[in-house]
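The block underneath contains the structure these notes are about, expressed in C-alpha cells.
No value in this document is a laboratory result; all are computed from the given coordinates. Since the structure is predicted, the reported quantities are computational estimates derived from the model, not experimental observations. Every residue, glycine among them, receives a Cβ derived from its backbone with ideal geometry; neighbour counts consider all protein chains shown.
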Amino acid sequence: MVQVVMTVAGSDSGGGAGIQADLKTFQELGVFGTTAVTAITVQNTKGVREVCPMTPAVVADQMDAILEDFDVACIKTGMLFSADIIRAVAQKLHEFNRPLLVIDPVMIAKGGQSLLLEEAITALKTELLPLATIVTPNIPEAEVLAEMKIETQEDVEVAAKKLLQLGVKAVVMKGGHRKNNENAEDIVYMENGEQFTVSAKWVETKDTHGTGCTFSAALTAELAKGVPLQKAIGTAKQFIQAAISHGLSIGHGHGPTNHFAYRTFNEVKMKEDVINES
Ligand SMILES: Nc1ncnc2c1ncn2[C@@H]1O[C@H](COP(=O)(O)OP(=O)(O)OP(=O)(O)O)[C@@H](O)[C@H]1O
Ligand SMILES: Cc1ncc(COP(=O)(O)O)c(N)n1
C-alpha cells in the first residue's frame, strides 16, 4: 500500500523549493504527497518578491482535512513564517497523536529574504522542535536555534547537542554552508549519543535553490516507507546529490535542483554507500 505523507510549508511559485519541491520529491520516491500551505511566496530563481501568509486557522484546517481522512505516515515542516502558525501546527500534531515528524527549520531564502519572523523562533524551539523525529538545520539555522556562533567542528557538535536537549530525537547538521566542505559532509547526531556522517562530492554550482527542502522531503518519504533513520538519511543524501549534480540550469538566478535525476541517472543510486560511521 502506498504511504501518505504531508508537507506543511510555503508555496514557491518558481517551483524549485517549498511545497513544489516537496511534492516532486515525494512523487519520485513513490509516496503520496499531501499539503498544508502556510504561505504563498511570489518567487523565482532570482528571489522572493512577496510573502502572503495564510491564517493559522486555514493552516490548521488543511491539516485537519488531511489527518482526519488519511493515515499519514510522516509529516515534514518547511517555511512556517509566524509564531501563530507554528502554534497551530503543534496543536494539530498533538491532536493527531504525533506522527513521525521531520522539521526543516527554514529561515532565510537563498536570496536573503526572511521566511520566518524573528518572533517565531521561540515558538519553533519550545513548541515544535520537542515533537520532532529529526531536525535538519543548515549552519546559519543551527546558529540561531542553538544561540551560538558555529565555526569549528566542535561548535557543530555543541550546537547539535543543544538541539537534542530541546527534545529532538536526531539532528542533521547540513554542510551546504560550511567552508571547505569538499565532501559535502552532513553530520548526524542521535539522542542515544551515536553519530555518523553522510557525504558525497561537492558540486561547484549556483543552482542550489531548494536543496534543503528536497533533502528533507526525501528523508520524509523514506521514513514514511518504514526505512530506518540511518538508511533514510543515506537515501536522502543520494537523492539530493543526484539533484544537484544534474542541475537543470533554468532561470536567471539560483536554478532549481533536478528532482528526476535520482530516478533517471541510476549510476548515482549504485554509488557506494554514503554513510560513514564514526
Ligand atoms: N554545492 C553542493 N554540492 C553538493 N552537495 C551540496 C551542495 N550544496 C548543498 N549540498 C547538500 O545539500 C543538502 C542541503 O544542504 P544545505 O546546507 O544547502 O541546505 P539549506 O541551506 O537548508 O538549503 P536551502 O538553501 O534550500 O534552504 C545537504 O546534504 C548538503 O550537504
Ligand atoms: C517557500 C519556500 N520554502 C523554502 C525556501 C528555501 O529554499 P532556498 O534557501 O533554496 O531559497 C524558499 N526559498 N521558499
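Taking the chain as a Gaussian network, where each spring joins two C-alpha atoms under 10 Å apart, which residue of G247, G112, G175 fluctuates the most?
G112
What is the Å³ per residue value for the convex hull set by the Cα atoms of region 13-70?
61 Å³
Do you know the relative contact order of the chain, to the nearest whole percent, from alpha carbon pairs under 8 angstrom that are 6+ apart?
19 percent
Ranked by Cβ crowding within 10 angstrom, fewest neighbours first, how are D207, D12, D69 ordered?
Starting with the residue having the fewest Cβ neighbours, the order is D69, D207, D12.
Which log10 I(q)/I(0) values, to two decimals, does region 4-277 give at q = 0.17 Å⁻¹ under the Debye formula with one point per Cα?
Normalising to I(0) and taking log10 leaves -1.47.
Listing C52, C74 from the residue with the fewest other Cβ atoms within 10 Å to the one with the most, what is the order?
C52, C74
Kirkwood Rh over alpha-carbon pairs of region 202-264, then Stokes-Einstein at 37 °C and 0.692 mPa s: what D in µm² s⁻¹, rounded to an integer?
For the chosen part, D equals 278 µm²/s.
Mind listing which chymotrypsin sites (Phe, Trp or Tyr not before Pro) in region 1-110 are in a DSSP loop and have 15 or fewer other Cβ atoms within 10 Å?
F70, F96
For region 1-112, take every pair of Cα atoms, bin their distances at 10 Å starting from 0, and report each bin as a whole percent.
15, 49, 30, 6, 0
With both bridge residues required to lie in region 4-277, what share of the DSSP beta bridges run antiparallel, to the nearest 5%?
Taking every DSSP beta bridge within region 4-277, about 45 percent pair in antiparallel fashion.
Calculated from DSSP H runs of 4 or more alone, at -39500 (n - 2.57) each and per residue, what is the 222 nm mean residue ellipticity of the chain, nearest 500?
Value at 222 nm, helices only, nearest 500: -10500 deg cm²/dmol.
What ranking of H259, H177, H246 emerges when the number of other C-beta atoms within 10 Å of each C-beta is taken as an exposure proxy, fewest first?
H177, H246, H259
Looking at the chain, which longest stretch skips every one of the GluC sites (Glu not before Pro) that is in a DSSP loop with at most 15 other Cβ atoms within 10 Å, leaving the sites themselves out?
Maximal segment without exposed cleavage sites: 69-146.
Over region 163-255, one equal point on each Cα, no solvent: what is log10 I(q)/I(0) by the Debye formula at q = 0.17, 0.19 Å⁻¹?
-0.76, -0.93
Stokes-Einstein diffusion coefficient for region 49-161 at 37 °C in a medium of 0.692 mPa s, Rh from the Kirkwood formula over Cα pairs: what value in µm²/s?
Rounded to a whole number, D works out at 220 µm²/s.
Could you give each residue of region 29-40 its phi-based ³J(HN,Hα) in whole Hz, using Karplus coefficients 6.51, -1.76, 1.60 with θ = phi - 60°, and x for Gly or Pro?
These are the phi-based 3J(HN,Hα) values: 9, x, 10, 9, x, 10, 9, 10, 7, 8, 6, 9 Hz.
Please name whichever of F260, G112, M6 sits farthest to the positive end of the charge dipole of region 4-277, dipole taken about the Cα centre and charges placed at Cβ: Lys and Arg +1, Asp and Glu -1.
Selected residue: F260.
Mean projection of the alpha-carbon convex hull of region 127-214 over all orientations, in nm²?
If you wrap the Cα atoms of region 127-214 in a convex hull and average its projections, you get 5.9 nm².
Using a simple charge model, +1 on the beta-carbon of Lys and Arg, -1 on the beta-carbon of Asp and Glu, nothing else, what dipole does the chain show about its Cα centre, in debye to the nearest 20?
460 debye
Which parts of region 155-185 would a label at E194 reach, counting a residue when its backbone N lies under 15 Å from a point 7 Å out along Cα-to-Cβ?
Once the point is set 7 Å along Cα→Cβ of E194, 169-172 turn out to lie under 15 Å by backbone N, inside region 155-185.
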